Structure formats: C-alpha cells, structure tokens
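Visitor: Sending over a structure as structure tokens; questions will come in a sec.
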C-alpha cells in the first residue's frame, strides 16, 4: 500500500495558498448500503459489488454517480479511484490522491477517443458534518476548445463526492449514510427501489453524416430545454431547441448544409442537467 503524500498548494480559479496535512491514505467509501443525498439532484446508493472479466471488483452505484455522467462502477486501489466503462471494457483512472497540485491525468471516461483532462487543484482541511476532514478538489475539462465547459468536483475523505460546480449546474451533499452512520439529512425514500429519472441525450444518427442528422433526447417531466451545436472553436453554429417541452422523447433534425466538414459538439441542458456529445460532418 502506498503512503499518501499530503502536501500541496491551493489553486482554485485565481487564488493560491499553501497547506499541509498529516499523511494517511484517503478513504473513498464504497460499502454496500452506503447512500448519498444531493438534494434536488437526487440520491445514489451502493447496491452490491461485482467482479468483472478483468479480475477487478467494483462497487455498483444505483442510480449511477452524476458527476461522471452516470458512471455506475467504481473501485479504489491505494490512493487511486477507477471507473469501469461497460461499453469498452476499460478501467479508467478518475481520482489520484497522491498527485501534486497542478498535476493532470488524461482519462478516457466517456468512450474511445474522448479524453478528459483531470487536474488536481488543491487540498485543504475543514469541518464537514462536524468533523475536521480533508477534501480534494479536481478540475475536469472534457472539451478544452469550448470555453467554460469544465466542472469542479470536491471529494471528502471518508465521505466521497461532496460537491459538483459548473456554470450550468451546482449541487452539493445534503446528507449521507456511510458504514451505517448517518450524516446530515437523509430522505426516507430508498433510491435503489424507486430509481431517479433524469434527462437523457442520445447519439445523433446517422453519424458521421452528410448534410442532415437527427438528434434525440428524453426528459422525465415538463422542462425548459436547450439543444445547441458548437464547432471545434467553441462557437455556437445552431440552436435547435430553446423552449418548454413536455415529458417524453423528442427529436429534431439539423441541416448542416451550410457548415464545413469536421467535428462538432451538441449539448443538451435541462433542469441543471448538461450533457455534450460529439458528431462528425463528412462531405
């Protein structure tokens, strides 16, 4: 087992300060029955664990954790936390608590060729649920060519995901049950038994495409939704949806006959949910 080196700086947007903490391994709780309540964003709980074909055992979150766009399978090894991509069979590093401030990890957590840069931003100690705890802050940047597309995730020792902050969506931990101990506010509803619906953005079809393609997405209740297309420079080239929509599945066609060939991105935002996918226009 590696020893966590707990020394680093503080870099959060524009502020820098130094801080050090006692050296010990971080605990990223993943026990069966552990639960997290994120208020309006809903709950997640660990229902079971399973050993996959790669020989690794993963804790299974239900519903999946929101900050990684619904990744359900996590495991911790030493000072590192990995997620498993069931589509590709890849075991991808997400959090490395032994990094120095400013270090980065390039992780393919959204499918082949879709690399997200994860930067360790800072570590600090403060009172959380009445106990002095260490927290690590990571910056995620999936599309560096699109301005303000990243998000900030805070992980708290022995608690797990504490907060998610972006320009589109901000939520934080309201309460949790870790190893049978309750912290904060826990709802009486069991999220494992009822599930929690969320907006879902599908891959466009056809893709790659020539001139026209179809976007499809689903929303669980009446919401105001935005669906836009961006080029590689982060410029919005089309606004396809900007209106209140009823619950259900919706589709919209994009005629890109006036756009050059290349890679584009389309983004759905609704009720604090933001999801971005890539598409390719070929002439």
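The values are calculated or read from the model by the stated rules, or taken from the named source; none is laboratory data. What you see is a predicted model; the values in this text were computed from it and never measured. Cβ: placed from backbone, ideal geometry, glycine included. Neighbour counts: every protein chain shown.
Visitor: Exactly one condition in (1) part of a strand (DSSP E or B); (2) closer than 30 Å to residue 39 by Cβ is false for residue 221; which is it?
Guide: (1)
Visitor: Condition (residue is assigned to a loop (DSSP other than H, G, I, E, B), in contact with a helix residue (DSSP H, G or I) (Cβ under 8 Å, 6 or more places away or on another chain) and either outside the structural domain of residue 151 (by TED's automatic domain parsing) or within 23 Å of residue 143 (Cβ to Cβ) (or both)) applied to region 225-246: is it met by at least one residue?
Guide: Here is the first cut: in region 225-246, the residues assigned to a loop (DSSP other than H, G, I, E, B) are 231-235, 246.
Remaining after also requiring in contact with a helix residue (DSSP H, G or I) (Cβ under 8 Å, 6 or more places away or on another chain): none.
So far as region 225-246 goes, no, none of its residues is assigned to a loop (DSSP other than H, G, I, E, B), in contact with a helix residue (DSSP H, G or I) (Cβ under 8 Å, 6 or more places away or on another chain) and either outside the structural domain of residue 151 (by TED's automatic domain parsing) or within 23 Å of residue 143 (Cβ to Cβ) (or both).
For every residue, the table says whether it meets (1) closer than 20 Å to residue 154 by Cα; (2) modelled with pLDDT under 80; (3) assigned to a helix (DSSP H, G or I).
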residue: 167; (1), (2), (3): yes, yes, no
residue: 171; (1), (2), (3): yes, no, no
residue: 177; (1), (2), (3): yes, no, no
residue: 187; (1), (2), (3): no, yes, no
residue: 207; (1), (2), (3): no, no, no
residue: 214; (1), (2), (3): no, no, no
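Visitor: Here's another thing I want to ask about it. Provide a single number: the residues in region 224-283 that are touching a residue at least 60 places away in the same chain (Cβ under 8 Å) and on the phi > 0 side of the Ramachandran plot.
Guide: 3
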